[in-house]
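A short worksheet on the structure shown next.
Bear in mind these aren't lab numbers, they're just calculated from the coordinates by the rules spelled out. Note that the coordinates shown come from a computational prediction; the quantities given were computed from them, not determined experimentally.
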Amino acid sequence: MAEQLRQAAGLVSISRLAHVVEHGPFVVALYDVESRLGGTVYQGPGLTVLRYEDDKIVEASWYRADQFPR
């Protein structure tokens, strides 16, 4: 996960944190994002799911609205 964050540094910008929900070991965040990862530009909603153990992030998944068919 640390390597993924290093690769994203400077290429992803979160402009607004819209909503955060915590349930058990999970935190879900919905936000507006601008991403330049993979040589493409994306502006729109993003979603991150984090799983914690002993106050440390042990798993993370990131999603963008353009990853799913409409």
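Values computed for the structure shown
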{"item": "Residue-span extension gain [D66 to V41] - 0.36 nm each, minus C-alpha spacing", "result": "7.9 nm"}
{"item": "Under the Karplus curve 6.51 cos²θ - 1.76 cosθ + 1.60, θ = phi - 60°, whole-Hz ³J(HN,Hα) for region 47-54, x wherever Gly or Pro sits", "result": "9, 10, 10, 10, 10, 10, 9, 6"}
